[in-house]
């Protein structure tokens, strides 16, 4: 299962990821971070018996000087015998990612910051501001009406290259197709109080404000952890919002999308400002990523699709996300060339677009 | 990637298509007609960098005496150096489609009529009456109560071989499971006034009237342009309507369906009067059409699936729709024979059913 | 299309099936039992022209001493020349299923019981109690308040190894995320009266009661016959119920799931007590089952996926369900080994888990 050389060597921009853990992991923590489950189930067995679990044993073990397919026990013993900084550097360097766009708004205390992440691997890092996290941190220190001004001010002066909404986790993706009026937002902020934000008016307003500030706006879509109701995370539920925001000309990026990746491709085709990726569903699918990436690329123009890992916590997930993505993209391109759909030059250009050029253009890097 | 000879040579009935443009196209118009987007996005790059764009360069270029994979610039320059009538004839003839069922109700002023389409390629053409277009054209000249009688009269005397509903575009596919009562329809017609019809009662009533008139009834389902809310175009939303109309014994045809083509296959399996196709998602997927056609054929009986192109505007789309369909059907059959699922004779029969015999039976051609 | 020897030889537990018919079948009955349709449609042709129809001719014919690909006429003539008991024994024995978990609550008068099924093939059988059938049979003999106590008593003393809910058929899968209060259930039972149960409160209550009794709980999900509204059978609609019941620690099993099998894999990944299968969509897909099983196994941990046939009526469906499952699992494993995702030993372990060990653990067999 060789990877085409120009895909293997393409420098990657990871336009959506999180930090890596500052510390070693127990087996229980390691397994739970491999998948989206909160914890391993005694009913269901080890998460090493999954696509991503096998991928760790096959692909990560050799980077820690273990044989391919080392057992889970051997792997974790070896991993914990090394310093976590060394482990992280190894996998980050091997990923071939030269630029990270880091959403640091989830569990920041456990994770390396974007700057630390970058410095550990000689890469660049840029911040993605997580809107709900920003709102929750601003809220306690201002009045409801002051909240609006403060959020606007923070977004306007932000050094972030983009914003991210987790509306999918909080209220689902059926955002309204019109900008919420300020008085309605003030009322909703009052009703919210503080703490975890799950008010649909405030969450929709944050999305509009990010676009007003010119920040490319990411939406989590599709599968994630057990907090979501998957059927409310279908990106096509965003259609009224996308229709209403098209004229603003600011990019909107649909993350992950699995198993609605075809729906995301449709949205990226018909709306001029919409882009998509497969995020989590590359390392999460392991050796099966090729079929799903091919599906994701069925109707999306190649100028509209980006690479990301959604890696969180384990540095292995950066490496596996990049490796599985390269394997899947290579399979897609090799099949296309075999079918005479395009020539070698075209395959090179598609690779550059998806690996980095689309991200560079969208985020103005 | 050879095509099995009996698939390559099968005469096709295209049971859902539109006309071709009367005039040459600028690059912007050509690109926008390749996909479902309204226009090319400066953010997202050329639509030639898409599955269908590469298919034009690979498969259409040689028919205009250009080398395979000619550039977009070369292709359009050559195309515009020829008369559009000649270009259209070339692609229509090469498609191997001998009968067109033409929905002429969308932008008729820009397009060749069915008769013109047919005469330019020596084929036959039949009309599909677009229900909402009919209603919108009748409405200004009659009273609300006269409207019902006039539509009934038009449908009863129509020379069309079938009708088409674009409920998906106007109100979504969750039509009620009961026939609207005439007084309710009269009230809804009054409330509508005139212009673009988007009243759910009137739209449901039109569908019932078409079936009453014995006209096989097509529904747009699945993806289309940016007017639709994709999640409201899942054909399984039609279930109450299909359950209520099964006893009428008049065929209902679900068009396109992507990415809900498996749902469409289910409906065609369990309801005696339901049929489906993949329409737009053959030329739209280019070299990736084979996987999706195989998915579409998973659970549908082979007597229930039809060929169509949904070609609109560009004659290339007839050719590509037919070619990609042949390639995909050939791949499906070759895989089935390789797996010993059926013999050569069976593969021939399946081909005849899907290529033309199912359409002949459904539309009584 | 060889099957890996250790997959071909694995003993299977069929954790969801029904009985086989006591009598011969006419061609019309045979065809209608092949698919989920009520009857063959004159508009649509023979159901032998379908994936499962071809599978009967290819794989079942030789077991009746006919040549491969015998015609439908030859097949049925030969089948009806034998005693149905002999036909059933032949296919049941050839399936390699050593344990049946039988839902006997649908049309029991037409079918062999679980015990008869088992004795005819030298296998073991266990009962799955169908909740709505239990409720409907209890209802006429008790008062509304007595109904609750009687159902609880029946479940507590049941010899069944699990329970099954057909909420999908009656009310859809969007069960509430909280246990119904007894007074509300009593009111709902009163309102129901008796006969076919389609009350959402009673149906949700039954599911909670099964879990309280410690019975692993199966839900029909995804496609079935024309009674269902497919979009209401998406297993992700169960999310609030699954979230609310996770702490009970009793397994919940999502059956069939097609075309929502990826959604089911997500639920089985993130909820500790959730498991899934592909049921009906193995024999129903025939030679195309491999792609769909691979999709179903994309993100589910291998300790969370089970084999089942959902065979009903025709003994051929046990054999085909088992055979297509073996072929599909073998294709999945062979591809994984070819891609170096795992070694031979791992492939053996995955096979054992899915073929029988997961079922043994879940149902405490």
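Observations on the model:
- Filter result (under 21 Å from the mean Cα position of the chain (by Cα), in contact (Cβ under 8 Å) with a residue 40 or more places away in the chain and within 14 Å of chain C (Cβ to nearest Cβ)) within segment A:1-52: A:33, A:34, A:35, A:36, A:37, A:38, A:50, A:51, A:52
- Which numbered condition residue C:327 misses (of (1) in contact with a helix residue (DSSP H, G or I) (Cβ under 6 Å, 6 or more places away or on another chain); (2) part of a helix (DSSP H, G or I); (3) in contact (Cβ under 8 Å) with a residue 40 or more places away in the chain): (1)
- Here is the figure for segment B:303-324: residues that are closer than 30 Å to residue C:225 by Cβ and part of a loop (DSSP other than H, G, I, E, B) total 3.
- Matching residues in segment A:73-89 - criterion: being surrounded by fewer than 19 Cβ atoms within 10 Å (Cβ to Cβ) and touching a residue at least 12 places away in the same chain (Cβ under 8 Å): A:74, A:78, A:80, A:82, A:84, A:85, A:89
- Number of residues in segment B:143-157 that are surrounded by fewer than 16 Cβ atoms within 10 Å (Cβ to Cβ) and either in contact with a strand residue (DSSP E or B) (Cβ under 9 Å, 6 or more places away or on another chain) or farther than 19 Å from residue B:363 by Cβ (or both) equals 6.
- Qualifying residue in segment A:94-111 (condition: in a loop (DSSP other than H, G, I, E, B) and within 11 Å of chain C (Cβ to nearest Cβ)): no
- Every residue from segment A:348-365 that is buried (at least 21 other Cβ atoms within 10 Å of the Cβ) and either on the phi > 0 side of the Ramachandran plot or within 11 Å of another protein chain (Cβ to nearest Cβ) (or both): A:350, A:353, A:354, A:358, A:362
- Filtering segment B:109-132 to residues that are in contact (Cβ under 8 Å) with a residue 40 or more places away in the chain and under 23 Å from residue B:199 (Cα atoms) leaves B:128, B:129, B:131, B:132.
- Among the candidates B:234, B:277, B:331, residue that is surrounded by fewer than 24 Cβ atoms within 10 Å (Cβ to Cβ), more than 28 Å from residue B:79 (Cβ to Cβ), more than 10 Å from chain C (Cβ to nearest Cβ) and modelled with pLDDT of 95 or more: B:331
- Residue C:169 vs. criteria closer than 26 Å to residue B:244 by Cα and either assigned to a loop (DSSP other than H, G, I, E, B) or over 19 Å from the mean Cα position of the chain (by Cα) (or both): no
- Residue selected from segment A:34-65 under the condition within 29 Å of residue A:253 (Cβ to Cβ) and surrounded by fewer than 20 Cβ atoms within 10 Å (Cβ to Cβ), by the criterion modelled with the highest pLDDT: A:36
- The requirement of being in a helix (DSSP H, G or I), at negative phi, without any contact (Cβ under 8 Å) to a residue 24 or more places away in the chain and out of contact with any strand residue (DSSP E or B) (no Cβ under 8 Å at 6 or more places or on another chain) is not satisfied by residue B:136.
- For segment A:204-214, filtering for residues that are part of a helix (DSSP H, G or I) and either within 19 Å of the chain's Cα centre (by Cα) or more than 13 Å from residue A:184 (Cβ to Cβ) (or both) leaves 6.
- Restricting segment A:289-310 to residues that are touching a residue at least 40 places away in the same chain (Cβ under 8 Å) and within 14 Å of chain B (Cβ to nearest Cβ) leaves a set whose member that is surrounded by the most Cβ atoms within 10 Å (Cβ to Cβ) is A:304.
- Number of positions in segment A:214-223 that are surrounded by 20 or more Cβ atoms within 10 Å (Cβ to Cβ) and out of contact with any strand residue (DSSP E or B) (no Cβ under 7 Å at 6 or more places or on another chain): 0
- Check on residue A:342, outside any helix (DSSP H, G or I), within 14 Å of chain B (Cβ to nearest Cβ), farther than 30 Å from residue A:78 by Cα and at pLDDT 95 or above: yes
- Qualifying residue in segment A:311-318 (condition: farther than 16 Å from residue A:254 by Cβ, in contact (Cβ under 8 Å) with a residue 12 or more places away in the chain, within 14 Å of chain B (Cβ to nearest Cβ) and in contact with a helix residue (DSSP H, G or I) (Cβ under 8 Å, 6 or more places away or on another chain)): no
- Tally of residues being surrounded by fewer than 24 Cβ atoms within 10 Å (Cβ to Cβ), more than 23 Å from residue C:234 (Cα to Cα) and touching a residue at least 24 places away in the same chain (Cβ under 8 Å) across segment B:237-272: 6
- Number of residues in segment C:97-133 that are in contact with a helix residue (DSSP H, G or I) (Cβ under 9 Å, 6 or more places away or on another chain) and at positive phi: the value is 1.
- Looking across segment A:158-185, the residues that are over 25 Å from residue A:279 (Cβ atoms) and buried (at least 19 other Cβ atoms within 10 Å of the Cβ) come down to A:180, A:185.
- Filter result for residue A:140 (over 17 Å from the mean Cα position of the chain (by Cα), modelled with pLDDT of 95 or more, surrounded by fewer than 20 Cβ atoms within 10 Å (Cβ to Cβ) and within 14 Å of chain C (Cβ to nearest Cβ)): no
The values are calculated or read from the model by the stated rules, or taken from the named source; none is laboratory data. Model, not experiment: these values are computed from the prediction. Reconstructed Cβ throughout: ideal geometry from the backbone, glycine too, with neighbour counts over all protein chains shown.
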